[in-house]
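What follows is a short report on a single structure.
The values are calculated or read from the model by the stated rules, or taken from the named source; none is laboratory data. Worth saying up front: this structure is predicted, and the values here are computed from it rather than measured. Cβ atoms come from the backbone with ideal geometry, glycine included; neighbour counts cover every protein chain shown.
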Amino acid sequence: MPGLVPAPGGLLDWGDARHYDHRQLHPCALCTRPTPLRSHAGEPAHKVCAESWLAANPEEARRTGRFASDVQSRGRGDAIHA
């Protein structure tokens with residue numbers, strides 16, 4: 001599940017293993033060089049290419065959510081206690 005679209009110049013958090021296709025490389029949707037990386041929608045894209053696209057297209061990025069960071073789960077130190 002995608003999280004927030006980073007601000008222009010921000011970095012994507014694609015730490016989840018689902019962003020990496022161990023089976024095969026596909027051409028990056030942005031630069032056409034082979035990549036094992038995938039966006040949340042399964043679109044082949046290098047992380048750096050996606051970050052560059054986000055910086056160049058901030059309005060479209062917010063409108064479409066094309067590239068987004070992973071949803072951050074709460075760590076043990078962030079737990080809310082009653």
**OP:** Consider only pairs whose beta carbons are under 7 Å apart and that are at least six residues apart or on different chains; among these, list those whose first residue lies in the range 51-63 and is over 17 Å from residue 38 (Cβ atoms) and whose second residue is in a helix (DSSP H, G or I) and modelled with pLDDT of 95 or more.
**Re:** 61/54
Original post:
Looking at residue 27, is it touching a Leu at 6+ places or on another chain (Cβ under 6 Å) and surrounded by 12 or more Cβ atoms within 10 Å (Cβ to Cβ)?
Top reply: no
Subject >> residue 56, sole failed condition from (1) modelled with pLDDT of 95 or more; (2) surrounded by 14 or more Cβ atoms within 10 Å (Cβ to Cβ); (3) of a type in the set (Gly, Ala, Ser) >> reply: (2)
